[in-house]
Structures are given as structure tokens and as C-alpha cells.
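Asker: Would you mind keeping the following structure in view while I ask a few things?
The values are calculated or read from the model by the stated rules, or taken from the named source; none is laboratory data. Since the model is a prediction, treat every value here as computed from it, not as a measurement. Here the Cβ positions follow ideal geometry from the backbone for every residue, glycine too, while neighbour counts run over all protein chains shown. SASA here: full protein model, heavy atoms, side chains in, ligands and nucleic acids out. Shrake-Rupley method; radii C 1.70, N 1.55, O 1.52, S 1.80 Å.
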Amino acid sequence: MWRNAHGTIIYVGKAKSLKNRLCSYFSGTKDIKTRLLISHARSIEYITTNNEYEAFLLENNLIKKHTPRYNIDLKDGKSYPVLRITAEEFPRIFKTRRVVQDGSRYFGPYPDATALDTFIETLREIYPLRHCSSFRKKQSPCLYYHIGRCLAPCCKDVAQSTYTEFIEEISTLLEGKGEQTAQKLETQMKQAAKDLNFEKAARLRDGLKALAVLQNQNSVEGFDGDDRDYIASWREGELVSVAVLKIRGGKLLGRDSYRAQSLNEDNEVLAEFMSAYYTEKEDIPPHIYVSTSDDMELMHQYFKEQLYADCDIVLVTDQITQAKLHNAALAMARENAHEDIIRRMRERGDFPAMEELKETLCLPKLPVRIEGFDIAHIGGKFPVASLISFYNGNPDKKNYRYFRLKTTDGYIDDFQSMREATTRRYSRLVNENKDLPDLILIDGGIGQVNAVDGVLKSLGLDIPIAGLAKRDEEIWRPHTSEPVCLPKRSDALRLLQRVRDETHRFATSRNQNLRTKENVVTPFIKLPHVGAERDKILMKKYGTLEALAAAPEAELAQALHVRADIATDILLAARTEFKKQTERKQKQMQSLDQAGTTWQQAAHRKDIADLAALAADDDGSLMVASGEEE
């Protein structure tokens, strides 16, 4: 929502990527309308929805409500179509844009009208429901009866139960609960294809695709006509943001966001906010949905006795009616509160956390630039070190780096991995005479911290180092026997956790990319004289490097239709690569055996001191695919 200097909304838009959408307005040559829009805009506000389907509906609601000057589409009286099941003895199903409160059931609205048309057409092919707009008794049935598209209740004796069963199946399907009905559609599609009736199979396929489009969760607009609010909060340290989604007449018409600083518990913050937010009886809706029940009885009493308002404050659980809808709306409110916290952190910089960090760790200066390191591997394979950078307490992604480790490829040694990564990083910064960080954070315990400290001393650098161990969130400094422990609500601890979590995410994602790349690239493509076609032949005939390395030269030459000298080159390279592969596996097994034996010996002796020392030294050294600790 773009606002002008007076706070009036002058444009409403929808975007999958907010950054890309906004950048498009400020790049290239624009038409006169866009240039005028940009010249009058003074601020931008946005609401995050659960999916694109909800974004379409919210955009339509906001444009209808505010009629922004620079919006052209959706300003007319038309709304998105809905599917209607009439409240008649023999109901019919059709698309409409007009909702009539006559007992009919409505589903939608659906921004994709084409998908709705396709789905209705598919339903009419499967279910013989009536098509005529007015129901009256006739002497003879219409054409739809003769082609099997209608049971003709207008002139035939049709069992009410049979017709009702069809309607209930369709309703269940639209509510996202009709798994059996969807399976029936899929079975019919496969049978039609098997019978070579490809036109019918294609229609059923299109109907299933349309159903997938129509079954999106929608907490933005409904047909109940209720007024209600959804309230959720998000906290980062002492920063608290509260988001209120305002549903009026069954439609989401806006979101209010409020900021506070508090060390109270979340349930106390919510009660305090509600008492300050609702000050007039007219502002209180009949229903308010929250995610915590503490102090809500007191709020109900306050509304009733002080504001004379009868309001039902509902705790959203899986047991209440329409729990899925209310949970989705609360999740949207929570996400918007989270977005606001992120904006606040970016706007102010995390200076309170940096100040506390400086005081707690006795740093020489404010840690404006923090660099974090983490190691990710799978049993020693594809070892990767991540380097992430935080500036003023916020991610500085243009300075993210990763290192494909060379000295520990094939075996597990987190200390050596950390030494290699930090040596490569800081020797380069020294050689290029670039700025050094104010603090280095290691994802690990005292062992990793001491390893990095040795690297920095060998380079003649005096950069403060800290390690954050996952188990109890303990902060380790070089060559200390006791960790620093901060309160759970500490701003400094929260900042270190953000840095640590970002290093872990970045390292793990890179390791996964390398594994994926390895899995989709065959080992034969690296061999000399082997291209895409020969790679396919080798994969089909041999499958593994081991099988190829053991193959006779003449057999390989015949399979690839190449000269003997080319076959020799390929075989020699295959045997060399297979030997390297075997050595790497042996190193990995030895490394895993050594790590496992050390832990087993300590556990067998039941030596608590040895176990504690190992926990401190080897924190995070054994990694599995998900990045969790063994």
C-alpha cells in the first residue's frame, strides 16, 4: 500500500517478491502514470499473507475499500467469482459473483475464474446434476439427460438420497477433505487413458489441476459476515510487535501493527496491549481470537464492566469450530508481527545487544562487524566452512563467503577445518590490507575457539573470539575453564544466536548443494575422452567406477567404438579415480571409528570429567544430514 504525504492510500499492489516488485518501479523508463505515482509516494506499508491466493483476495478488498487513485483494475463493483450450491430440493452448481443469503452454500472466492470453470465442467461430466435455472415438472427430459449429464429429476423419479450424496461429495471435495472423491477422479482419469479415451482423460486431468488451484487455504474472505479480530505478537529480546488482523463483514480490511519494549512474558504483553488498544465500545468486535488464554478472563471482565461490550475472547485450539481457518489467520498475524520486528531491527541496528556484548565479553570496542564460522559435512564428505557477516547487528549478505575445505576432505576433524577456514580468510585480509572484524564467533566449544585463537596468533592478529555451544547456549572464550552464561532474555545472547544460526544455515545449505550436484553427476563424465553420449553408454554397461576399472581394454574399446589408445587412457583414469575414492572412504571410516571409540571409552569408564571435556572439545564435530548433533 503506497501512501502520500497525507497518509492516504494511493496505490495497492500484490507481489510474490516485494523487493523485486518495488525495484521494478525505480528502474528503466516508466510511463507517466508510474512516474506520478512515485513522485507522490511518501511511505509504503505491506501485509504478508499465507499464500498468493489470499494476496489476490486481500488486494481486491483493499482496492474496493480505499479506491486508490492510481489503481485501475478491481475498482468496479465486480468481485471474484464464487461457486454456489443452491438450497433447493435438487440443488444445482454454478459460478456466480453475487452472494444471496437464501441458505445456499458458497465456496471461494476464486481469483482464477478459468480454473473454476474447468472444475465445474469436470464435476458436470462426473456427477449427473441438473443444469436448468428454474426447476419445474416437465413431460420429457432435456438433452443433458440423453447424453448422461443429468438425472432429469424434473420428469423422472430420482431418489433424494442419491442426489444428496453427490452434493455432499462435491462439498467435501471443495472443503479439502474429499480424498476419496479426488482418488475416484484420478482412477477414472487413468481408466480413460487405459481405454485410449484420451479426451476424457485430459478433461479429468485438467479438473484435478483446477481443484488443486481452488483448494488454497483462505483466511482473508468468507461468507459468514462476521466481525472479528486476530491478535498475535512476536518478540526479539525486549522488542515486542503486535499485529491485529481486522475482519469486518467476513473480509480482511486491514492490519494494525503496534510496537513496544517490554520484558514481561508474552501472555502479559497481550493483555496489556488489548487494554490499551480497545478503548471504545464501538471498536470491539463480537469475537477476538488469540493464541494464549492467560489473563483473558480478566480482559473479558474489563470489556464487560468498563466498556459495556459483550466480546467473546477465543483461545484458538484444534478443538474449536473452524480451527484450521483461525489457525491460518493467527499464523498470518504472527508473521506480520515478525516482519515488523525485522524492520525495527534493521532500522535501529542492534545497538543494545552490541553494548551488552561489549560489556559482557570485555571487548575493546563495540562489535559493529561480527564474522561467524561453521563447518558442515557428512561423515567427512563435502566439508564446507561458512563465513557470514553481521554489521550493526544485522546480516550483511554481500560479505557472506564459503570455503570448500581441502585439508579435511575425506575425514572428520572440525578443529583442522576451522583452522583452514580462518587461515584462508584472515591471511587474505592481512595481505590485501582490508578491515578486520570486531568479533569472531565460532559455532562450537572451547576446542574450536582455541584452534582459531592459534591461527590468529600465528598471523599476528588480536581479534576477540567467542564460541557458542549449542547444548546450554554457553559462550566460550579462548583458554578459559568456565563458560559465560547469559540470561535467556539477554539481547547479547540473542544476537550471538542469530549469528550462529545464520552460519549453520549457510554452511548446511552449501553442503546440501554439493551433495545434490554430486548425486546428479556421474563419475564417468570426469574421465578423459568421455562426453555426454559415452557417459550414457558407460553408465548403462558398467554403472560404477569399480566395474569400469576392472573391465578389459578390448571390451571397453568395443563398447565405445574407440581406438585402443583412447580406451587405455579411459581405463587408467578410471583406476586412478577409483583408488582415490577408496582411500577417501577408508579415511572417513577411520575418522568415524576414532571419534566413536573416544566417546565409548569415556562412557565405559563412566568418567564424567572426560565426557564433559569431550563435549566441550568436540561440540558439533559429528554432523548428520539435517545438521543435528550426534
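Asker: Condition first: out of contact with any Pro (no Cβ under 8 Å at 6 or more places or on another chain) and open to solvent by less than 10 Å² (accessible area, probe 1.4 Å). Can you find one or more residues in the range 361-370 that meet it?
Answerer: no
Asker: Let me ask another. Checking Glu355 against (1) farther than 30 Å from Lys580 by Cα; (2) open to solvent by less than 60 Å² (accessible area, probe 1.4 Å); (3) modelled with pLDDT of 85 or more; (4) touching a Leu at 6+ places or on another chain (Cβ under 9 Å), which test does it fail?
Answerer: That leaves (2) as the condition not met.
Asker: On to the next question. Which of the residues that make up the range 378-406 are open to solvent by 10 Å² or more (accessible area, probe 1.4 Å), of a type outside the set (Lys, Arg) and within 13 Å of Arg510 (Cβ to Cβ)?
Answerer: Correct list: Ile378, Phe382, Tyr400, Tyr402, Phe403.
Asker: Here is a follow-up. Can you name the number of the only condition in (1) part of a loop (DSSP other than H, G, I, E, B); (2) surrounded by fewer than 14 Cβ atoms within 10 Å (Cβ to Cβ); (3) modelled with pLDDT of 85 or more that Thr576 fails?
Answerer: Condition not satisfied by Thr576: (1).
Asker: Considering only residues that are among the polar types (S, T, N, Q) and more than 47 Å from the chain's Cα centre (by Cα), which ones fall in the range 101-159?
Answerer: Ser134, Gln139, Ser140 - these are the residues of the range 101-159 that are among the polar types (S, T, N, Q) and more than 47 Å from the chain's Cα centre (by Cα).
Asker: Also, I was wondering about something else. Against the condition open to solvent by less than 40 Å² (accessible area, probe 1.4 Å), of a type in the set (Phe, Trp, Tyr) and at pLDDT 85 or above, how does Tyr80 come out, does it pass?
Answerer: In short, no.
Asker: Additional query: In the range 232-270, how many residues are open to solvent by 10 Å² or more (accessible area, probe 1.4 Å) and either over 13 Å from Ile341 (Cβ atoms) or free of Cβ contacts under 8 Å to residues at least 40 places away in the same chain (or both)?
Answerer: So the answer is 19.
Asker: Could you list all residues from the range 273-316 that are surrounded by 12 or more Cβ atoms within 10 Å (Cβ to Cβ), polar (S, T, N, Q) and in a helix (DSSP H, G or I)?
Answerer: Ser275, Gln306
Asker: Then there is this: Of everything in the range 83-104, what is assigned to a strand (DSSP E or B) and either crowded, with 16+ Cβ neighbours inside 10 Å or of a type in the set (A, V, I, L, M, F, W, C) (or both)? Give them in sequence order.
Answerer: Those that are assigned to a strand (DSSP E or B) and either crowded, with 16+ Cβ neighbours inside 10 Å or of a type in the set (A, V, I, L, M, F, W, C) (or both): Leu83, Arg84, Ile85, Ile93, Phe94.
Listed here are the residues, each with its yes/no results for (1) under 27 Å from Ile247 (Cβ atoms); (2) in a loop (DSSP other than H, G, I, E, B); (3) open to solvent by 70 Å² or more (accessible area, probe 1.4 Å).
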| site | (1), (2), (3) |
| --- | --- |
| Ser24 | no, no, no |
| Glu54 | yes, no, no |
| Glu59 | yes, no, no |
| Lys65 | yes, no, yes |
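Asker: Do we have any residue at all in the range 29-46 that's of a type outside the set (Ser, Thr, Tyr), surrounded by fewer than 16 Cβ atoms within 10 Å (Cβ to Cβ), part of a loop (DSSP other than H, G, I, E, B) and in contact (Cβ under 8 Å) with a residue 60 or more places away in the chain?
Answerer: No, the conditions are met nowhere in the range 29-46.
Asker: I'm trying to understand the selection: among the residues of the range 278-301, which are within 19 Å of Met332 (Cβ to Cβ) and modelled with pLDDT of 85 or more?
Answerer: Once the filter is applied, which keeps residues that are within 19 Å of Met332 (Cβ to Cβ) and modelled with pLDDT of 85 or more, the range 278-301 yields Pro285, His287, Ile288, Tyr289, Val290.
Yes/no per residue for (1) in contact with a Leu (Cβ under 7 Å, 6 or more places away or on another chain); (2) part of a helix (DSSP H, G or I); (3) loosely packed, with under 14 Cβ neighbours inside 10 Å:
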{"position": "Leu151", "(1), (2), (3)": "no, no, no"}
{"position": "Asp157", "(1), (2), (3)": "no, no, yes"}
{"position": "Ile167", "(1), (2), (3)": "no, yes, no"}
{"position": "Ser171", "(1), (2), (3)": "no, yes, no"}
{"position": "Glu199", "(1), (2), (3)": "no, yes, yes"}
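Asker: Looking at Leu495, Leu461, Leu468, Leu441, which one is buried (at least 18 other Cβ atoms within 10 Å of the Cβ), touching a Phe, Trp or Tyr at 6+ places or on another chain (Cβ under 9 Å) and either over 19 Å from Ser417 (Cβ atoms) or free of Cβ contacts under 8 Å to residues at least 12 places away in the same chain (or both)? Outline the logic, then answer.
Answerer: Working: Leu461 fails: buried (at least 18 other Cβ atoms within 10 Å of the Cβ); Leu468 fails: either over 19 Å from Ser417 (Cβ atoms) or free of Cβ contacts under 8 Å to residues at least 12 places away in the same chain (or both); Leu441 fails: either over 19 Å from Ser417 (Cβ atoms) or free of Cβ contacts under 8 Å to residues at least 12 places away in the same chain (or both).
Of the residues listed, the single one that is buried (at least 18 other Cβ atoms within 10 Å of the Cβ), touching a Phe, Trp or Tyr at 6+ places or on another chain (Cβ under 9 Å) and either over 19 Å from Ser417 (Cβ atoms) or free of Cβ contacts under 8 Å to residues at least 12 places away in the same chain (or both) is Leu495.
Asker: Could you list all residues from the range 106-119 that are crowded, with 18+ Cβ neighbours inside 10 Å and either part of a strand (DSSP E or B) or not hydroxyl-bearing (Ser, Thr, Tyr) (or both)?
Answerer: Phe107, Gly108, Pro109, Pro111, Ala115, Leu116, Phe119
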